[in-house]
Each structure stands twice: as C-alpha cells, then as structure tokens.
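Here, each number is a calculation from the coordinates, and none is a lab measurement. Quick caveat: nothing in here was measured; it's all calculated off a predicted structure. Neighbour counts are summed over all protein chains in view; Cβ atoms, including those assigned to glycine, are modelled from backbone coordinates with ideal geometry.
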Amino acid sequence: MSALAAVLALAALAADAPYHATKKDFSAVQEGIRTYRKVQDELWPGAGDVEVALYDARDVFLYSHRADYPLPKSGAWRGFTIYRVPHGEKLTKDDLRGCGGSKPFVDRALSKATSRDAYFTCVPLGAFVAFQKRRKEGTVYDTRESYLATFVHERAHVYQRNSPNAPDVVHAMADFLDEGSIPPSSDRGQSVLAEAYAQWCELKAAEKLFPKHYGRLKAWYKPEAEGDHDIGLGLALRALKGAGGTR
C-alpha cells in the first residue's frame, strides 16, 4: 500500500470511528444550559431548570438537579449532578445528528431515575455540526450558536409538554393555522403547533442572543415547504411579526 493510500485509509477509519464526547462538547452543553437560562424568565415565567441528556456513541450523560438518582455519578456542575450510564446501542455518526425529545435507548438507560417528560436529549456539539454539514439539502444548524439555540427550542418543548395550559402565543398561531388546510385540533395540527411554539421561543432568544442565526432562520423559511418544522417556522415568524418582533 502506498503512503497516500495508507493516509486515506486512516482518514476513512477516523471518519467512521465512534464519536465520544470531549471536554469541548461538555462545555457546549453547559453553555447551552446557560443560554436557555438567559431567556427563561421572559419565555417561561416561574419555570426552573430541566434535565438534559447528552448522548454519544457509548454513554448517556444526564445533567440533573437531583443528586439522589440510583445511577453512576461522573461529576457536578453549578448545582447539577452529572450521571453517566452506558446505553448499549451501536450508534453511527449519522445517529448523532441533533437535539430533540426522548430516545428509546436513552429512556431505557435512565428508566430507574427519571421520566422522559423531564428532559430533552442532545448529541455532542462536534457530532452535531459534522452531521449538519453533511446534509445535502442544506441547513441553518451548522454552527455553535445554532447548537446553543436548539437548547432554547428543546427547553420550550419540555415546558409545553408539562404545562397544563397552552401559552397565549400558541392560541394565536392556532388561529393562523386554522386559515389553512390543517385543523389545529388534529394530531397533525398539534404536532405543527408544538413545533411552532418551540420555533417561536428559539427565534425570540436568537433575536436577542444570536442575531446571525436569527437572520439565517428568517432567510431559510420556504412558504411552499410542507414539513411540520417548516410550517411551524412560518407560524412562528408570523406571530413574531404580529407582535412587532421582526425587522
């Protein structure tokens, strides 16, 4: 094998190697928590911190204010206990793609301690950005600040799941949605509105904290797109415009 071929082979192996969270990734999670804290009094008055479950190719790292869970502890940070639990899944680089709700393997790993409604999941920053940059259809989630903004987005989902009453802005967006072909009370309508609310919170935070990401989100919106995320972004932008929140 030539020297060049050997280098290319090693590079290919490195690209396919399992991704394990680094110090920079843990630092980004902590910055993400600080990010949603900066806007939580405005967006979710009276709501406190939630749990955050970071997962990589091998483990789940749960950030929790509870220090009494029957799980192995790996550290602490600003009032959070950090638990580390192997999840037992074989995850490829394409499985480590973004932040979101519960995952079956995360739920299983944490089942002795907490509920899926109490936390949101995220992948390490390095894996997140690498996956987003591989997306052929393009994305606005390929930067550190977009990663941090997703912590607000996912915190909003947790708030809405656990809130007995829909926030006022959701009622306004339901009226907008009712003008189209998706009934707000249908399963699809509820899914769209949940996404719209999380997008609205992300936009509100980004306008204040991440103006470049805010501008990219506005430019990314395609009125003809039909996915829940796309329709939700449109509803969120309309709600912000009605409140005088866009420029």
Under-5 Å amide H pairs with Thr81, H placed in peptide plane, nonlocal only: Ser64, His65, Arg66
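So what is the calculated 222 nm ellipticity per residue for the chain, using -39500 (n - 2.57) for each DSSP H run with n of 4 or more, over all residues, to the nearest 500 deg cm²/dmol?
Rounded to the nearest 500, the figure is -17000 deg cm²/dmol.
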Helix runs (DSSP H) in the chain reaching 24 Å along axis by Cα, Kyte-Doolittle at least -1.0: 187-209
Rg and Dmax [Cα atoms of the stretch 135-211; Å; Rg one decimal, Dmax integer]: 13.8, 39
Candidate values (i) 33, 21, 18; (ii) 29, 22, 18; (iii) 32, 24, 16, label of the one derived for semi-axes √(5λ) of the Cα gyration tensor in Å: (iii)
Simple label model, 7 Å out from Cα along Cβ direction - Glu224 to Arg97, nm: 2.4
nm² value of the averaged projected area, convex hull over the Cα atoms of the stretch 17-105: 6.6
Along each principal axis, Cα extent of the stretch 54-194, largest first, Å: 50, 39, 27
Pairwise label distance in nanometres, Lys112 with Arg134, each label 7 Å out on the Cα-Cβ vector: 3.3
Computed label-point distance, nm, for sites His65 and Glu42 using a 7 Å Cα→Cβ extension: 2.2
Max mean-square fluctuation residue, GNM over the chain, Cα-Cα springs under 10 Å, options Leu148, Leu233, Leu177: Leu177
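Assuming R0 = 41 Å, can you tell me the calculated FRET efficiency for the pair Ser185 and Arg78, based on Cβ-Cβ distance, to the nearest 0.05?
Details: r = 41 Å, r/R0 = 1.00.
The computed FRET efficiency comes out at 0.50.
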In range of the label at Glu89: residues from the stretch 104-146 whose backbone nitrogen is under 13 Å from the point 7 Å along Cα→Cβ: 104-110, 121-124
Cα centroid separation, the stretch 60-99 to the stretch 196-233 (Å): 29
Spatially proximal lysines relative to Lys73 (Cα-Cα < 18 Å; intrachain offsets below 8 disregarded): Lys23, Lys112
Any cysteine of the chain lacking a neighbouring Cys Cβ under 4.7 Å - listed by number: Cys201
